[in-house]
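What follows draws every value from the coordinates through simple rules; no lab data is involved. Remember, predicted model here, so these are calculated numbers, not experimental data. Here the Cβ positions follow ideal geometry from the backbone for every residue, glycine too, while neighbour counts run over all protein chains shown.
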Amino acid sequence: MTDCTIGLMSGTSLDGVDGVLVRWTEDAPEVLAAASVPFPPELRLAFLELNQAGHDELHRSAQAAHALVDLYVRIVEDLLQQTGLPALAISAIGAHGQTVRHQPPGSAASAPYTCQLNHPALLAERTRITVVADFRSRDLAAGGQGAPLVPAFHQHLFAIPGQSVAVVNVGGIANITALPAQGPVRGLDTGPGNVLMDLWCHRHTGAWFDEDGRWAGSGQVHEALLEHLLRTPYFQQTGVKSTGRDLFHAAWLDTQLQAFAHLPPADVQATLTQLTAHTIGHTLRAWDWGAHPLQHVWVCGGGSRNATLMRMLAETIDPVPLRATDEAGWPAHWVEAAAFAWLARQALLGRPGNLPSVTGALGPRILGAIYPA
Ligand SMILES: Nc1ncnc2c1ncn2[C@@H]1O[C@H](COP(=O)(O)OP(=O)(O)OP(=O)(O)O)[C@@H](O)[C@H]1O
Ligand SMILES: CC(=O)N[C@H]1[C@@H]2OC[C@@H](O2)[C@@H](O)[C@@H]1O[C@H](C)C(=O)O
């Protein structure tokens, strides 16, 4: 029998959905097909608006979840067509859903919660494939952050016995995983990955993102602005932590920039790029790697395509070498989607998906709700 699962992920960048179809052999993954669909502008806007309180949220959330499943179905059909596999050959789809709120323990005075819009029943109905969804809430219920979840999969893919390596995922929000030669895996969200850069770039150039980091590369990092941004309490927190657009959004950026209105926009872009590099690099350096210093850093997520960011990050962690995961056979935009294919399989096998050392949960938990085909 084939042991194949599909992972579907759309992250905080709100650029679109990535999907991969993975075959598992003795727990080792092989990506058989990959597909991506950009968000139609109106859906992107709908999700963006749902990140803030607003009128008739329940209705708008339900409509957006339906539209998301339409994209999911297109990707699943594409993956099946590419591989020639029938729906019956797929054990499960891991469908992350779209995060519109994330208020983990310690982030707000309210009861902790996380919200991924999704309609897994509709996806199971339309694809006739078992769907696993709602991956984060069980970890949160167990006192964890519910994020990041990819470190367990990073460990699965990139851990090398006797070596200390790290994996950096630069999506809308950036998260990092430490795979030390000795001791438990660690991981956290460092803060903004591309989210602030994308916002600023779109506002000043009309482009959704700074292609290859060229615009940032034309500006100068403004040290006073960087220091000001780094005073944000989230960056000072040590230990488990996760965040999202709940904290790092357009109004937040505008407030931060009030005293810096005179700066050329390209300098602000350069500084926001440096902020991402600095918060990642300094967390990696600050971690205690014991007798085996950090030897190597893998980078995935869309930020790995930003040459200016990669240069700044390399300078921050120098002399530790930095490479995109593509060089390990894992194209940078596949890794997160593959992680949810893996998490779906973990759920089906009754195995935990979280790492308590990363999320702070009371213990390992089986993640996700299962919607049978
Ligand atoms: N060629 C490129 N040059 C510069 N930046 C790029 C390029 N391609 C992608 N990006 C950046 O990567 C982002 C998308 O990254 P990715 O798909 O990893 O994010 P995500 O999955 O939404 O995020 P998250 O990890 O937060 O879930 C884009 O919004 C853009 O900022
Ligand atoms: C709540 C939520 O959706 N968080 C995302 C987001 O995007 C990156 C970072 O913030 C990470 O914590 C997480 O995604 C990845 C896939 C994770 O859970 O590991």
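What to note about this one:
- Dividing the radius of gyration of the alpha carbons in the range 150-320 by their Kirkwood radius gives 0.98 for Rg/Rh.
- Taken about its Cα centre, the range 215-373 carries a charge dipole of about 580 debye when Lys and Arg each add +1 at the Cβ and Asp and Glu each add -1 at the Cβ.
- Phi-derived couplings, Karplus 6.51 cos²θ - 1.76 cosθ + 1.60 at θ = phi - 60°, listed residue by residue for the range 282-295: 6, 5, 4, 6, 6, 5, 7, 9, x, 6, 10, x, 4, 9 Hz, with x used for Gly and Pro.
- Alpha carbon convex hull of the range 1-86, volume per residue in cubic angstrom: 111
- Most to least packed among 149-157, 64-72 [average Cβ atoms within 10 Å]: 149-157, 64-72
- The chain - charge dipole about Cα centre, Lys and Arg +1 at Cβ, Asp and Glu -1, debye rounded to 20: 640
- Distance cut-off 16 Å, percentage of C-alpha pairs in the range 261-330 lying past it: 52
- Projecting the Cα positions of Gln98, Asn51, Ala28 onto the charge dipole of the chain (unit charges on Cβ atoms of Lys, Arg, Asp and Glu, taken about the Cα centre) puts Ala28 furthest along the positive direction.
- Derived scalar couplings between HN and Hα for the range 73-84 equal 4, 4, 5, 4, 4, 4, 5, 5, 5, 4, 9, x Hz in order, rounded to whole Hz, by the Karplus curve 6.51 cos²θ - 1.76 cosθ + 1.60 (θ = phi - 60°), x for Gly and Pro.
- Structure-based [θ]222 nm, the chain - -39500 (n - 2.57) summed over DSSP H runs of at least 4, per residue, nearest 500: -11500 deg cm²/dmol
- Dipole-positive endmost among His262, Pro192, Asn175 within the range 166-313 (Cβ charges, Cα centre): Asn175
- Residues Ser110 and His55, FRET efficiency given R0 of 22 Å [Cβ-Cβ distance, rounded to 0.05]: 0.60
- Per-selection Kirkwood Rh - the range 116-157 (Cα, Å, 1 d.p.): 12.0
- Spatially, the range 244-315 and the range 72-116 are offset by 27 Å when compared through their Cα centroids.
- Beta bridges by DSSP in the range 150-320, antiparallel share as percent, to the nearest 5: 65
- Bridge type composition, the chain - antiparallel percent by DSSP, nearest 5: 70
- Note: relative contact order over the range 150-320, using C-alpha pairs below 8 Å and six or more positions apart, is 32 percent.
- For the chain: relative contact order, % (alpha-carbon pairs under 8 angstrom, 6 or more apart): 23
- Ranking of Ile6, Ile129 by count of other Cβ atoms within 10 Å, fewest first: Ile129, Ile6
- All-pairs alpha carbon distance profile, the chain, 10 Å steps from 0, percent: 5, 25, 35, 26, 8, 1, 0
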